[in-house]
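To start, the structure under review is shown below, and the notes come after it.
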Amino acid sequence: MYRAEQKYYGVFFENLKKIQDLGLAKHHPTRIINSIYYDTNDLQFFKLSEEGSTPRQKIRIRWYSNFNNIKIENKSKEFDFSKKFFFDIGVFDIKKINFYIMKFTNQKIFPKLKVSYSRKYFIDRSSQTRYTLDYNINYFKVDNKYRSVERCKSKFSIIEVKKNINNREIQSTSILGNKRARHSKYCEGIKEFY
């Protein structure tokens, strides 16, 4: 299912207050999210994302607590709408991961960046619009064997507003402010290292 996403950046405590001012309900427990993103050696996925070209895709593996529940995700973007496809891998197995990663694209892609952050989950029960607050965002440059070789930390947190494309309700920006951005953690991390 396609969904519309809006993103707002700022420092953590300001963004947390904005979420609280919206009077949202807590939706899930806070958890740590880890992702490793793939790209071609000439960073073709990064370039398409930076240019805002559509359609485009991001391919990553993701896990939430440990390496026992790895998922491969193919996130495609068309205009303001995104769609995700998931594939469960289970435990971390480089050969298995590489085999299934190649099924998502006809290009040679490699691990380029690990992103790790904490996420808080909220929901507007009347509209079923979901909000997340990502903070403590860390970027790691990784090599082809998935080893971290450099690290840096973001100064910002990100509010993401996610709703079904059939939900035509317009979210007021009076509380969230005007720092709406086409923001990609992958692109921000790549810019730190490449």
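Couple of notes before you dig in:
- Against the conditions (1) at pLDDT 90 or above; (2) under 14 Å from the mean Cα position of the chain (by Cα); (3) hydroxyl-bearing (Ser, Thr, Tyr), residue 184 satisfies every one except (1).
- Total residues in the stretch 66-76, condition over 19 Å from residue 102 (Cα atoms) and under 16 Å from the mean Cα position of the chain (by Cα): 0
- If you check 76, 35, 49 for being touching a helix residue (DSSP H, G or I) at 6+ places or on another chain (Cβ under 6 Å), in contact (Cβ under 8 Å) with a residue 12 or more places away in the chain, surrounded by 14 or more Cβ atoms within 10 Å (Cβ to Cβ) and of a type in the set (Gly, Ala, Ser), only one passes: 49.
- Inter-residue pairs, beta-carbon under 6 Å, first within 13 Å of residue 156 (Cβ to Cβ) and in the stretch 11-28, second not basic (Lys, Arg), 6+ apart: 12/135; 12/157; 15/133; 15/157; 15/159
- Residue in the stretch 85-103 that is touching a helix residue (DSSP H, G or I) at 6+ places or on another chain (Cβ under 9 Å), surrounded by 15 or more Cβ atoms within 10 Å (Cβ to Cβ) and within 24 Å of residue 191 (Cα to Cα) present: no
- Highlighted here are the strands (runs of 3 or more DSSP E) found entirely within the stretch 47-165 that include at least 2 residues which are modelled with pLDDT of 90 or more and of a type in the set (Ser, Thr, Tyr): 110-124, 129-142.
- Any hit, the stretch 77-86, residues being touching a Pro at 6+ places or on another chain (Cβ under 9 Å), under 20 Å from residue 113 (Cβ atoms) and not polar (S, T, N, Q): yes
- Scanning the stretch 61-79 for any residue that is among the acidic types (Asp, Glu) and under 21 Å from residue 107 (Cβ atoms) turns up at least one such residue.
The values are calculated or read from the model by the stated rules, or taken from the named source; none is laboratory data. Being a predicted model, the structure only gives us computed values, none of them experimental. Heads up, the Cβs are rebuilt from the backbone with ideal geometry, glycines too, and the neighbour counts pull from every protein chain shown.
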